[in-house]
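Report on one structure; see the data block that follows.
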Amino acid sequence: MPAKGPLAAKPASKWLTLVGIGEDGVAGLGDEAKQRIAEAEVVFGGKRHLALVASLAKGEAHPWPTPFDAEMRDVLALKGRKICVLASGDPFFHGVGVTLARKVKPDEMLVLPAPSSLSLAASRLGWALQDVEAISLHGHPIDPIRPLLHPGARILALTSDADAPAAIAALLDELGFGPSRLTVLEALGGADEAHRTSRADAFNLKNINPLNVLALEIESTPDARVLPLTAGLADHLFEHDGQITKREIRAITLSALAPRRGELLWDIGAGSGSIGIEWMLAHSSLRAIAIEADGERAARIHRNAAHCGVPGLAVVGGAAPKAFAKLETPDAIFIGGGGSDTGVLEKAIKALRSGGRLVANAVTLEMEALLLDQYNSRGGDLTRIALSRAAAVGSMQAWRPAMPVTQWSWVKP
């Protein structure tokens, strides 16, 4: 019968081994991981990782270059030889394994993971991982944590350095989450492991180990800036000059755009950027490009995107349709402003991929006439949206109608 278990023979085609390693170094490795490191002709890794296995590795030690080469040229150049790559914990949890998998086929590499830092953190705290919000802020701004800040939430955040916990605590305090409990878990799995806790609004922890995970138990004050999970955020959550797709219309528009995992949206005439922002809030895989001719509004979109936790929203300055040049083909397009300008609607339709969705809103008669013409020639759905809000009329209340919106939604054949 063929050999079974961790020491069973592996196909010769597996020239690359990824070994997850913790702060306990060689002591925490299994027999096969030790064997693969010892047999490797070249061992890649960070300087800290290479130092941890120095007593075991016999091949050439090759530290990662600075800046890091995401193309992995040095590793790929050695294909066919016995190569080992060291990574922190689980190589496929925000690790180098994700980068390598884009370049190397799964059947060419053997992966021997260790527990991730988040698994270790959850085990120390007694938290169920399936009930925890996990986020990597390593090498990123801290703004993406904002959508996760809900009363009662538990969050585990990978941080960048010793300064990140204090910066996150300050952000929480600023946003009305000062009562939240923050636990800094340092050097997990190593001899210097330590856990320290503080409230966000009284954070005073010093000399934090750069290798840390931050655990957050979110509590809020009555005026906390909570970003709801549904489409149609309150208008006051966006900075704007009046050029904003209002809350109710925005919710209907997002429903018509129907975002799907991994898609790209063009938000044409973006104004405050609210449509692109809420598109990206729907799922972390979604991307958006806000196209805005007014420089002041473009700067405002950047601020709104950061304040809503999606700083990755791309902003392209310039007038449509000229600004479409060289942009990546979109899966969906929203036209909120400037749609009646010459060529905008036609070139947006041309740019959209087959099967993509286009949604355009009109408040002017000129834009409405264009949408009616497109509806008659191309089909789709034409909807009239009329809203009224209660408002004071003297000492009484009455309905005050908002400007009606005509919406055309269409799927490109």
Size of charge dipole - the chain - debye, nearest 20, with Cβ of Lys, Arg +1 and Asp, Glu -1, no other charges: 980
Accessible-area composition of the chain, carbon plus sulfur, in percent [1.4 Å probe]: 53
Cα principal axis extents for segment 90-164, largest first, Å: 45, 28, 23
Cβ-based charge dipole, the chain, positive-most Cα from G22, A194, L257: L257
Helical mean residue ellipticity (222 nm; -39500 (n - 2.57) per DSSP H run of 4+; nearest 500) of the chain: -7000 deg cm²/dmol
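I need the Kirkwood Rh of segment 325-375: take the reciprocal of the average 1/r across all distinct C-alpha pairs and report it in angstrom. Walk me through the numbers before you get to the answer.
Values: mean 1/r = 0.0876 Å⁻¹.
Kirkwood hydrodynamic radius for segment 325-375: 11.4 Å.
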Viscosity 0.890 mPa s, 25 °C: Kirkwood-radius Stokes-Einstein D of segment 189-314 over Cα pairs, µm²/s: 146
Formal net charge of residues neighbouring E193 (Cβ-Cβ distance under 10 Å; K, R +1; D, E -1): -3
GNM result for the chain, Cα springs below 10 Å: residue of S136, S198, S377 fluctuating most strongly: S377
The chain, relative contact order in percent, only Cα pairs under 8 angstrom and at least six apart counted: 10
In degrees, nearest ten, helix 164-174 long axis to first principal axis of the chain (Cα): 30
Probe 1.4 Å, all protein chains present, accessible-area order of H283, H49, largest first: H283, H49
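Taking all pairs of distinct Cα atoms, average 1/r, flip it, and tell me the Kirkwood hydrodynamic radius of segment 261-345 in Å to one decimal place. Working shown, then result.
On the way: mean 1/r = 0.0800 Å⁻¹.
Hydrodynamic radius (Kirkwood, Cα pairs) of segment 261-345 is 12.5 Å.
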Rg and Dmax of the chain, Cα atoms only, in Å: 26.3, 91
Surface accessible to a 1.4 Å probe, L125 within the full protein complex, Å²: 50
In Å², nearest 10: area of E71 left accessible to a 1.4 Å probe: 80
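May I ask for the net charge around L211, where only other residues with Cβ less than 15 Å from the Cβ of L211 are counted and Lys, Arg are +1 while Asp, Glu are -1? Please report the intermediate quantities before stating the final value.
Working: positive: K47, R48, R124, R196; negative: E23, D24, D161, D163, E186, D192, E193.
That works out to -3.
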Rounded, prolate or oblate (a/c below 1.5 giving rounded, otherwise prolate when a/b exceeds b/c) for segment 30-88 by Cα gyration tensor: oblate
Vicinal HN-Hα couplings computed from phi for segment 15-21 (Karplus, 6.51 cos²θ - 1.76 cosθ + 1.60; Hz; Gly/Pro x): 7, 10, 10, 9, 10, x, 9
Sequence-distant residues sharing a close amide H with G178 (under 5 Å, placed H): T221
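With the Cα gyration tensor of segment 342-413 in hand, convert its eigenvalues to equivalent ellipsoid semi-axes via √(5λ) and list them largest first in whole Å.
The three semi-axes for segment 342-413 are 33, 12, 10 Å.
Could you do me a favour and compute the accessible area per residue for the chain, 1.4 Å probe, result in Å²?
On the way: 20570 Å² over 413 residues.
Normalised by residue count, the accessible surface of the chain is 50 Å².
Past 24 Å, Cα to Cα, is the threshold; run K47/K105; K347/K412; K246/K347; K14/K103; K246/K322 against it and keep the listed order.
Working: K47/K105 26 Å; K347/K412 13 Å; K246/K347 26 Å; K14/K103 14 Å; K246/K322 27 Å.
The answer is K47/K105; K246/K347; K246/K322.
Note down the magnitude of the dipole of segment 223-338 about its Cα centre, charges +1 on Lys and Arg C-beta and -1 on Asp and Glu C-beta and zero elsewhere, to the nearest 20 debye. Can you show the working numbers first?
Values: 12 positive and 13 negative charges, 41 e Å.
Dipole of segment 223-338, to the nearest 20 debye: 200 debye.
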K246 accessible area, assembled protein chains, probe 1.4 Å, Å²: 90
0 to 90° range, to nearest 10: angle between helix 247-257 axis and the chain longest Cα axis: 70
Most fluctuating residue given options Q130, Q374, Q35, as computed from a GNM of the chain linking Cα atoms under 10 Å: Q130
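The values are calculated or read from the model by the stated rules, or taken from the named source; none is laboratory data. In this text, all values refer to a predicted model and were calculated from it rather than measured experimentally. No Cβ is skipped: glycine too gets one built from the backbone with ideal geometry, and neighbour counts run over all protein chains shown. Calculation scope for accessible area: heavy atoms of the full protein, side chains included, ligands and nucleic acids excluded. Shrake-Rupley method; radii C 1.70, N 1.55, O 1.52, S 1.80 Å.
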